[in-house]
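Read the figures in this text as sums done on the coordinates, not as results from a lab. Being a predicted model, the structure only gives us computed values, none of them experimental. A quick note on method: Cβ atoms are made from the backbone with ideal geometry, for glycine too, and the neighbour counts reach across all protein chains shown.
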Amino acid sequence: MLTARKLTKVYQSGGRPLTVLKEVSLEVEPGGFLAVIGPSGCGKTTLLGLLAGLDVPTSGSVEIDGRDLGVLTEDARARLRGEKVGFVFQTFQLIATLTAQENVQVPLELQGHGGTGARGHGEESPADRARELLERVGLRGREHHYPAQLSGGEQQRVAIARAFANRPRILFADEPTGNLDHANGGMVISLLEELNRESGTTLVLVTHDPALACRARRTIRLLDGAVVDDTGRAA
């Protein structure tokens, strides 16, 4: 489902090159659950952005479901993300002027499924899909609340529902429990596991949370931009 070969990322800092990632290679099979761990500044978030096609490497390659991101234009990468990729940000990234339901509908509308239109060809409408997902994440009755009216845990659950709106083949999450208390963090972990198990979505997470890392079936540890430990199997 995901293959990275010798990913290297170099930035210019003060006129000098700063190597953030050093020839990182990995494979994740369909339905896999990978956690990327390591100290702050080791390159975890940079790696996640490269794997998701949000950034481009200085050298090396990334393939998602057999598609080489390096040969795609920026627009083509965006279309691929819309079709196959979900992303959960640590800071939620919800649109403040939209309700929970409207936030979840955004990916569907961007993919051309229409607003709240009627079902076609046996498919549920974006509104139906959004309500179904919000109920799955325990937010029934909160569909018409705005982000400012929701707790941090509720906002993160809206973000997860949004990430699953287009039924992605692979979901990337950057510190999905980083801003949550223990109870809400545990709920988010269980929810991600459930969606991984039931839908077969491949999960790739960056985390400092030991409770989340130990639930992954595979763990990669980064240090100074390089893989120093790879525990478990890809699937």
- Task: Neighbouring Cβ atoms within 10 Å as the yardstick, rank 16, 197, 215 fewest first.
- Result: 16, 197, 215
- Task: Rank these for me by crowding, 189, 64, going from fewest to most other beta carbons within 10 Å.
- Result: 189, 64
- Any number yet on Rg/Rh for the chain, C-alpha, Kirkwood? 0.97
- Message: With unit charges on the beta carbons (Lys and Arg positive, Asp and Glu negative) and the dipole taken about the Cα centre of the chain, which residue among 146, 166, 201 sits farthest to the positive side?
- Response: 201
- Length-normalised contact order of region 2-232, Cα under 8 Å, at least 6 apart, in percent, tallies to 29 percent
- Message: Explain nothing, just the number: dipole magnitude of the chain about its Cα centre with +1 on each Lys and Arg Cβ and -1 on each Asp and Glu Cβ, in debye rounded to the nearest 20.
- Response: 300 debye
- For the chain, what is the calculated [θ] at 222 nm in deg cm²/dmol (nearest 500), taking -39500 (n - 2.57) for each run of four or more DSSP H residues and dividing by its residue count? -9500 deg cm²/dmol
- Query: So if R0 is 22 Å, what FRET efficiency would residue 3 and residue 197 give, r being the distance between their Cβ atoms, rounded to the nearest 0.05?
  - Reply: 0.45
